[in-house]
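I'd like to ask some things about the structure below.
Every number in this text was worked out from the coordinates using simple rules, so none of it is lab data. This is a predicted model, so every value here is computed, not measured. A quick note on method: Cβ atoms are made from the backbone with ideal geometry, for glycine too, and the neighbour counts reach across all protein chains shown.
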Amino acid sequence: MSSSAVEVSDKETVNLANVTPAAATAEESFARKAFRSFCGNKFALVSAIILLTIILSTILAGVISPYSPLEGHAKDRLLPIGSPGHILGTDEQGRDMLTRMLYGGRMTLLAGFVPVIVAACLGGGLGIIAGYFGGRIGTLIMRVLDIFYAFPAVILSIAISAALGQGLLNIMISIAIVFTPPVARVMETAVKRIRNQEFIEAAKSSGAGPFAIMRRHVLPNVFSDLFVFSTSQISLGIVIAAGLSFLGLGVAPPTPEWGVMLNSIKQLIFVDPMLTIVPGLGLFLTALTINICADGIRDALQVK
Amino acid sequence: MNEQASVLEVKNLSKDFITKNFFGKPKQKVSAVSDVSFSLYEKKTFGVVGESGCGKSTLARLIMRLIEADQGEIIYKDANLLSLPKAEYKSIRRDIQMVFQDPFSSLNPKMSLLDNVAFSMWVNGVSPLEGRRIAYKYLDAVGIPRSFADRFPQMLSGGQRQRVAIARALVLEPKILIADEAVSALDKSIQAQVLNLFRDIQEEFSLSVIFISHDLNVVQLMSDEVMVMYLGMVVEQGSAEQIYNNPAHPYTQALFKSAPSMDVKEKKLEKFQMLGELPSPLNPPSGCRFRTRCPHAVEACALSMPNKVEVDKGHYVACTLYADRTNNQEAAVM
């Protein structure tokens, strides 16, 4: 710390002039640094903008839609894309596609995000507890979750949905159940890595109980692992939700949801292929932008 | 030495680590700490020295109850810490604090320096604001100014981080501080500064210190009494002068002969090679564990663990060489 390396000096206050250059931006929090790094990534930034536009427009569906999503005039059925008054055409019952996309997007996005958040909380909590305590508790938790792991995700979600019945809530529940074990596994591994670090031992020796340690020492250090993994599940959740609805297990027609819309339009693929592409394209674009954003966030979180 | 008040007494502490096979059946046993006893006196520094793997760090963790001992007692304030119920132990826990070896993993990288230190206060019922105020005070005492306290550990050097680690240990106002290789990871020049800091705070806060290191010079500098360990057992124990001027145990003598000296005027080191290698702790030699490398080993050494023998006032050696020379009294414990 002092400039002459060899002399034995008394305790001295740290000389700020000798501090590393990184300290110049020391006041900036980790979150802000990560944000700036994310914005520097052009792909991620564009994707984020597109995604936010999609999300915002579905939220504001009631305000910006020109029509009602449920009303349709038979005389207007199957108008092609670009028709006057119906920019994305109409479906087989004459309902405006744009409106149905906007309203339908709400369901799809909800079905993607909500189960992931639930799985992150539930799976994260279980994984952290299993990883921190280890031993019998850890083994018990992880082996029980392994039972769910034995089934392929889609099959399991179909089974659970079929058991629960139709409806948006039920598909959200089934996707949340399916997503929880992988999150728990990722968290358990991450916590095992941290658990033997000396700052955890130091926290224990100051008398902290396990939950205080998990909350303030373990969680912040595994949070980025959790975040990255969970964001990768969102697009999968959206696709599974749409798939479940496509199979008739989710939202029931006439409620718009991109998967349901794919189902009702699918037989028209020989009549007007462009129309059938619309909900699929919406799913594709949403899933793509989410994945690119998730990658960008993961890279941004690596910043030191 | 015995007239002074002993603030902590460790008696016959032992710990074995048992490796289990896949089905949970015990497979092999590592005897990490074996029958260790010593007394820590008030405001004094007790040095523990030995090679890597001799059990010094395990000993520290046993005293801190981060690892549970198999046998033995730790007497503090007339109570055996190892048999106290959790609730009572929690209130005593703050009296014994530790500074860890690795400055890079002993601070939480996601928390500011201030929070790293203040956390100890928060879990002991102090409000966040008050905890931070106290943390500032102790960071200042170790030489980290207030403007630095909101920074994160990654921005500091090793020596600076150890200062923060010391502040964190001090903030609970302990009576006993354990320094587990606290300067081993630092450059020599920084070591000197941090060691001086240790001495200053020991005096300022009236601490009793257990100083663990593999570096003989450091232990000599800092300690009043010294204990030498080998493969989990105590081989020699005494005041710093006795050990350094008159090492009795063959292992201690070998340690001194192979230690490099900073004195440029000293004649070239005689070429000294300690015989053999450190035996595996999974299968330590029977009897005296040092006998496989000891130039003076005799048959009696393999038969049983040698008892501690007092060769000088307060100076104990566990070696069969001295067992014959002693008079009737064999000092088993101090």
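Within 10 Å of each Cβ in peptide B:102-110, how many partner chain Cβ atoms are there on average? Round it to a whole number, please.
Values: counts 3, 1, 3, 8, 6, 4, 12, 6, 11.
Partner-chain Cβ atoms within 10 Å, mean over residues of B:102-110: 6.
Whole-Hz Karplus ³J(HN,Hα) for segment A:199-207, in order, using 6.51 cos²θ - 1.76 cosθ + 1.60 and θ = phi - 60°, x for Gly and Pro?
After applying 6.51 cos²θ - 1.76 cosθ + 1.60, I find 6, 6, 4, 5, 5, 4, 6, 8, x Hz.
If you don't mind, another one. Hey, which of these cross-link pairs are over 20 Å Cα-Cα: B:Lys44/B:Lys77; B:Lys56/B:Lys313; A:Lys204/B:Lys175?
Numbers: B:Lys44/B:Lys77 17 Å; B:Lys56/B:Lys313 25 Å; A:Lys204/B:Lys175 18 Å.
In this structure, B:Lys56/B:Lys313 lie more than 20 Å apart at Cα.
Further question on the same structure: Pull up all non-local amide H partners of A:Thr90: gap of 5 or more, or a different chain, and H-to-H distance under 5 Å with H placed in the peptide plane.
Counting only residues 5 or more places away or on other chains, the set is A:Leu78, A:Leu79, A:Met97.
Now for a separate question. With everything on Cα atoms, drop me the angle between helix B:158-170 and the longest principal axis of chain B, reported from 0 to 90° to the nearest 10.
80
Rounded, prolate or oblate: which fits segment B:210-254, taking a ≥ b ≥ c as square roots of the Cα gyration tensor eigenvalues, rounded meaning a/c under 1.5, else prolate when a/b beats b/c?
Values: a/c = 1.58, a/b = 1.15, b/c = 1.37.
In terms of gyration-tensor shape, oblate.
Can you give me the angle between helix A:97-133 and the longest principal axis of chain A, using Cα atoms only, in degrees from 0 to 90, rounded to the nearest 10?
30
Another question, then. Relative contact order for chain B: what is it in percent, counting Cα pairs under 8 Å that are at least 6 residues apart?
That works out to 19 percent.
Could you run the Karplus curve 6.51 cos²θ - 1.76 cosθ + 1.60 with θ = phi - 60° over segment A:177-185 and give me ³J(HN,Hα) per residue in whole Hz, x for Gly and Pro?
Listing the rounded values in order: 4, 5, 7, 5, x, x, 4, 4, 5 Hz.
Setting aside same-chain residues fewer than 8 positions from B:Lys110, which aspartates and glutamates have a Cα under 15 Å from its Cα?
Hits, sequence-local ones excluded: A:Glu27, A:Glu28, A:Glu198, A:Asp225, B:Asp150.
Rank the residues B:Tyr76, B:Tyr230 as a footprinting-exposure proxy: fewest other Cβ atoms within 10 Å of their Cβ go first. Intermediate values should be presented prior to the final figure.
Values: B:Tyr76 21, B:Tyr230 24.
Fewest to most other Cβ atoms nearby, the residues stand as B:Tyr76, B:Tyr230.
Express in whole angstrom the spacing between the alpha-carbon centres of segment A:105-150 and segment A:278-304.
22
While we're looking at this one, here's another question. Specify the angular offset, from 0 to 90 degrees and rounded to the nearest 10, of the alpha carbon long axis of helix A:219-246 from the longest principal axis of the alpha carbons in chain A.
Between the helix axis and the principal axis of chain A, the angle is about 10 degrees.
State the antiparallel share, in %, of DSSP beta bridges confined to chain B, rounding to the nearest 5.
Numbers: 30 of 48 bridges.
Given both bridge residues lie in chain B, the antiparallel proportion sits at roughly 60 percent.
Turning to a different aspect of this structure: Indicate, rounded to the nearest 5 percent, the antiparallel portion of the DSSP beta bridges found entirely in the protein assembly as shown. Could the numbers behind the result be given before it?
Numbers: 32 of 50 bridges.
Roughly 65 percent of the DSSP beta bridges within the protein assembly as shown come out antiparallel.
About the Cα centre, and with charges only on the beta carbon of Lys, Arg (+1) and Asp, Glu (-1), how big is the dipole of segment A:222-304? Nearest 20 debye, please. List each step's numbers first, then the result.
Values: 3 positive and 5 negative charges, 9 e Å.
Value, rounded to 20: 40 debye.
Quick one: order B:Leu107, A:Leu219, B:Leu129 by neighbouring beta-carbon count within 10 Å, fewest to most. Numbers along the way, then the final one.
Numbers: B:Leu107 28, A:Leu219 18, B:Leu129 9.
In order of increasing Cβ crowding within 10 Å: B:Leu129, A:Leu219, B:Leu107.
Could you run the Karplus curve 6.51 cos²θ - 1.76 cosθ + 1.60 with θ = phi - 60° over segment B:58-68 and give me ³J(HN,Hα) per residue in whole Hz, x for Gly and Pro?
Taking θ as phi minus 60°, the curve returns 4, 4, 4, 6, 5, 5, 7, 6, 7, 10, 8 Hz for segment B:58-68.
I would also like to ask the following. Please tell me the relative contact order of segment B:128-268 in percent, rounded to the nearest whole number, where contacts are Cα pairs under 8 Å and at least six residues apart.
Values: 121 pairs, mean separation 21.5, N = 141.
So the answer I get is 15 percent.
Same structure again: If eta is 0.692 mPa s and T is 37 °C, what Stokes-Einstein diffusion coefficient results for segment B:140-231, Kirkwood Rh from Cα pairs, in µm²/s? Intermediate values should be presented prior to the final figure.
Working: Rh = 14.0 Å.
Answer from the Stokes-Einstein relation: 235 µm²/s.
Return A:His86, B:His296 ranked ascending by Cβ neighbour count within 10 Å, so the fewest neighbours appear first.
Going from least to most buried by this count: B:His296, A:His86.
Using amide H atoms built 1.01 Å from N in the peptide plane, name the residues 5+ places from B:Tyr41, or on other chains, whose amide H lies under 5 Å from its own.
When sequence neighbours closer than 5 places are left aside, the close amide H contacts are B:Val7.
Is the C-alpha gyration tensor of segment B:70-224 telling us rounded, prolate or oblate? Criteria: a/c under 1.5 is rounded; beyond that, a/b larger than b/c is prolate, otherwise oblate.
On the way: a/c = 1.82, a/b = 1.11, b/c = 1.65.
It comes out oblate by the Cα gyration axes.
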